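All of the numbers you see were taken from the coordinates with simple rules; none came from a lab. Keep in mind the model is a prediction, meaning the values are calculated, not measured. Methodologically, a virtual Cβ is constructed for each residue, glycine included, from the backbone with ideal geometry; neighbour enumeration extends over all protein chains shown.
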Amino acid sequence: MNTALLPMFAGLPLAMAGLLAVVTPRGWLRTTLFLSPGALGLAASSYLLWLTRGGEVFSHNVALWDDGIAIPFVADAFSALMIWTSSLLVVVCSWFAATTGDHMKPYFPALVLVLYAGVVGAVLTGDLFNLFVFIEVMLIPSYGLLAMVGALGRLRAGRIFVTVNLLTSTIFLMGVALVYGAAGTVHVGELAGAAAE
């Protein structure tokens, strides 16, 4: 497998989200652009699941930069299964949104695809700081989706959701800083090796 394709699991939904945010096609084209990243992710993760069935692990540093600078993407059988499950859910939920007409709301498809990219990135990243970044990529569109489709009661609950997530994100980032201060790295593979010694 060409490991340089691993970042495309998160990159393709982000690129399609940017396209759908800038260009707002109507009809079947909008539906196709909305559904295609999830469908492609489902197919690609099925293939990745097949490749990792024997315990193989694939990794790639974005732009081939050195560890500690690059965003590392690491795939094994469990992460492939998680991507497959997430992609299946995105396909089903996006299809439901397309049949109900929710996908015609401005920025709805873009927010869903950014959320999907954040989930996939969080599953594939091999670095604690980038895990924090991808979790934030997940959370930001979820706030928008709550505000977009929510009634007044849901918006009130959304304020609690935002507050709790900001608090937990701050605690998580402080934890990443403490790990870096103690171990000198936030790369998950290096931390696992240090723990085994």
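Structure data summary
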read-out	value
Ranking of F132, F34, F172, F78 by count of other Cβ atoms within 10 Å, fewest first	F78, F172, F132, F34
Footprinting exposure proxy for T125, T185 (fewest neighbouring C-beta atoms within 10 Å first)	T185, T125
Extension gain from S36 to M148, taking 0.36 nm per residue of separation minus the Cα-Cα distance	38.1 nm
Cα centroid of the stretch 88-129 to Cα centroid of the stretch 50-67, whole Å	24 Å
Total formal charge among the other residues, if their Cβ is under 13 angstrom from that of R30, Lys/Arg +1 and Asp/Glu -1	+1
Gaussian network model of the chain, Cα within-10 Å springs - most flexible of N61, N165, N130	N165
Amide H partners (placed H, <5 Å) of D127, local residues excluded	V188
Cα shape, the stretch 1-83, gyration tensor, a/c 1.5 rule	oblate
Residues of the stretch 89-114 with amide N under 20 Å of the 7 Å Cα→Cβ point at A157	93-94, 97, 102, 112
Whole-number D in µm² s⁻¹ for the stretch 97-174, Kirkwood Cα-pair radius fed into Stokes-Einstein, 25 °C, 0.890 mPa s	182 µm²/s
Gaussian network model of the chain, Cα within-10 Å springs - most flexible of L33, L81, L166	L166
Label assignment, log10 I(q)/I(0) by the Debye sum over Cα atoms at q = 0.09, 0.14 Å⁻¹ derived from the structure, set (1) -0.38, -0.88; (2) -0.48, -0.80; (3) -0.42, -0.88	(1)
Chain lengthening between C93 and Y47 when straightened (0.36 nm per residue, less Cα-Cα)	14.4 nm
Exposure proxy ranking, count of Cβ atoms within 10 Å, fewest first, for M16, M174	M174, M16
Net charge dipole size for the chain [Lys, Arg +1 and Asp, Glu -1 on Cβ; Debye, nearest 20]	1060 debye
